[in-house]
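Take a look at the structure set out below.
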Amino acid sequence: MPEVLTGDIYRFEDMLSHHERDILLRVREFLRSQVVPIANEFWRREEFPVDLVKGFADLGIAGLAYDEVPGLRPSSLLSGFLAMEMARADPSMATFFGVHTGLAMGSIAACGSTGQRERWLPPMSRMEQIGAFALTEPQGGSDVAGGLRTTARRVGDTWFLDGAKRWIGNATFADLVVVWARDVADGHVKGFVVERGTPGFTATKIRNKMALRSVQNADIVLDGCRVPEDNRLQKARSFRDTAGILRRTRSGVAWQAVGVMLAAYEIALDYAKEREQFGGPIGRFQLVQDLLVRMLGNTTSCLGMVVRLAQLQDEGTYRDEHSALAKAYCTTRMREVVGWARELLAGNGIVLDYDIGRFVADAEALYSYEGTREINTLIVGRAITGLSAFV
């Protein structure tokens, strides 16, 4: 039987329908049996376990959120729990899956024409084609809305892309990369699907990372990269369209942060019950119990926040500040939780053998990507005051 979430003390998982919980339990068992046993080794080697892609595909969950893919469209609650569950097993796998389904497929679903959605989403849902999302640039992160340097120039029915991208997950092996570039003719940001093997496109793996080491992030160079008009996302007309995609995926990162907290709490709890000092398990000591309860409190408050966020998404009433607050708050609390878990494991917390070291490191990436705490804070601040502090 699949394990239960010992950290879900208020039983939020019970809010899922029976069908949705069956899906979640099936994914949980796959992650427990196939991902967790190899996560540390692939993280150590900075390699991606490509053999797992078929296993993810067999789960049949990559295309659940898109109308073009037959089957039950899931609630945002199920999508969130799936993101959380993957991060609980391995944040690198959660990031791989989120980039493919949320950023790449999400861009095509939101900004592609009917023909483009029918062309790309079904094979992506079967994970026969893997996607990536190229927005961040070497000299541009938080300011990318106004500072995008990658350009697109149209000549007849061909677009020429020039520029560079950085930190692009999945890009070293992706079949389709959604590239965002500024049209030199009108200054607007547009989206383009660059297919594997396109001349003028080069992706080079970024090495020596301290976090999400199994994720294959790349530096991308676009040198007169030729893209046909048929590969321009027809409904992407400005950065506002790009921001709409990020609003949805930012919520997913908040769920991932909860998954990391759950993992850290459960690792620390098991360790506290088994590790003996001064004649008994350290879990009997007041200071150790205090750490555990603080971890559980952070995890529970953040899980409640993202559950409510999912409900607002399904109602169609959620706004930028909702996902921004969740991302900023949950990733901040996540850093505290993994730090406390490492503290509880003491010296054993800094080696991969006890798992927590990987979560401590990976938490740093989740804290930064999909909008820093500072940028998300300003989004929320603008919403509650009506005054923009952006410069």
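Taken together, the values in this text are just the output of simple stated rules run on the coordinates, not laboratory data. Model, not experiment: these values are computed from the prediction. Using ideal geometry, Cβ is built from the backbone for each residue, glycine included, and neighbour counts are taken over all protein chains shown.
What base-10 log of the normalised intensity I(q)/I(0) is obtained for the range 113-254 from the Debye formula, alpha carbons as equal point scatterers, at q = 0.12, 0.17 Å⁻¹?
At q = 0.12, 0.17 Å⁻¹ the computed log10 ratios are -0.46, -0.98.
Provide the gained length on full extension for the span T114 to R26, in nm with one decimal, where the gain is 0.36 nm per separating residue minus the Cα-Cα distance.
Taking T114 through R26 to full extension adds about 28.5 nm, to one decimal.
Between E229 and E128, what's the calculated FRET efficiency when r is the beta-carbon distance and R0 is 25 Å? Round to 0.05.
0.50
Test of understanding: extend the Cα→C-beta vector of Q289 to 7 Å, then name every residue of the range 301-344 with backbone N under 19 Å from that spot.
341, 344
What's the extension gain from R45 to L387 if we count 0.36 nm per residue and subtract their Cα-Cα distance?
118.4 nm
Could you size up the charge dipole of the range 27-176 around its Cα centre, putting +1 on the beta carbon of Lys and Arg and -1 on that of Asp and Glu, and report it in debye to the nearest 20?
200 debye
About its Cα centre, how strong a charge dipole does the range 234-391 have in debye, to the nearest 20, once Lys and Arg get +1 and Asp and Glu get -1 at the Cβ?
I would put it at about 640 debye.
Normalised by the number of residues in the chain, what is the relative contact order in percent for Cα pairs under 8 Å and 6+ residues apart?
Relative contact order here is 17 percent.
T158 label point, 7 Å along Cα→Cβ, cut-off 16 Å on backbone N: hits in the range 215-254?
Flagged as within label range: 223-232.
Assuming R0 = 45 Å, what is the FRET efficiency of R275 and S17, from their Cβ-Cβ distance, to the nearest 0.05?
0.70
What residues have an amide H closer than 5 Å to that of A65, excluding those fewer than 5 places away on the same chain, when H is modeled at 1.01 Å from N in the peptide plane?
none
Can you find, among C330, G386, L344, the residue farthest towards the positive end of the dipole of the range 328-391? Put +1 on the C-beta of Lys and Arg, -1 on that of Asp and Glu.
Sorting the options by dipole projection puts first G386.
What does the charge add up to near N208, with Lys and Arg as +1, Asp and Glu as -1, over the other residues with Cβ less than 15 Å from its Cβ?
+3
Cut-off 20 Å, label point 7 angstrom out along Cα-to-Cβ of R308: give me the residues of the range 326-340 whose amide nitrogen falls inside.
Within reach of a label on R308: 326-334.
Which loop-located trypsin sites (Lys or Arg not before Pro) does the range 281-368 contain, where loop means any DSSP state but H, G, I, E or B and the Cβ has at most 13 other Cβ atoms within 10 Å?
R319
Which one of Q216, V293, A263 is farthest out on the positive end of the charge dipole of the range 207-336, using unit charges on Cβ (Lys, Arg +1; Asp, Glu -1) and the Cα centre as origin?
The one lying farthest along the dipole's positive direction is Q216.
Go through the range 221-232 residue by residue and turn each phi into a ³J(HN,Hα) via Karplus (6.51, -1.76, 1.60, θ = phi - 60°); whole Hz please, and just put x for glycine and proline.
10, 10, 10, x, 5, 8, 10, x, 4, 4, 9, 7
Convert each backbone phi in the range 149-157 into a coupling constant with the Karplus relation 6.51 cos²θ - 1.76 cosθ + 1.60 (shift: θ = phi - 60°), then list the ³J(HN,Hα) values in order as whole Hz, x for Gly and Pro.
These are the phi-based 3J(HN,Hα) values: 9, 5, 10, 10, 10, 9, 10, x, 9 Hz.
5 Å is the cut-off here: which amide hydrogens, built 1.01 Å from N in the peptide plane, fall below it relative to G60, excluding neighbours closer than 5 in sequence?
none
So who's got an amide H within less than 5 Å of the one on I130, skipping anything under 5 residues away but keeping other chains? H placed 1.01 Å off N, in plane.
Amide H neighbours of I130, under 5 Å, 5+ apart: D175, L176.
Mind checking which aspartates and glutamates have their Cα closer than 12 Å to the Cα of K327? Skip sequence neighbours fewer than 8 apart in that chain.
Excluding near neighbours in sequence, the set is E370, E374.
Is there a quick way to get the dipole size of the chain? I mean about its Cα centre, with the Cβ of Lys and Arg at +1 and of Asp and Glu at -1; what is the value in debye to the nearest 20?
Approximately 720 debye in magnitude.
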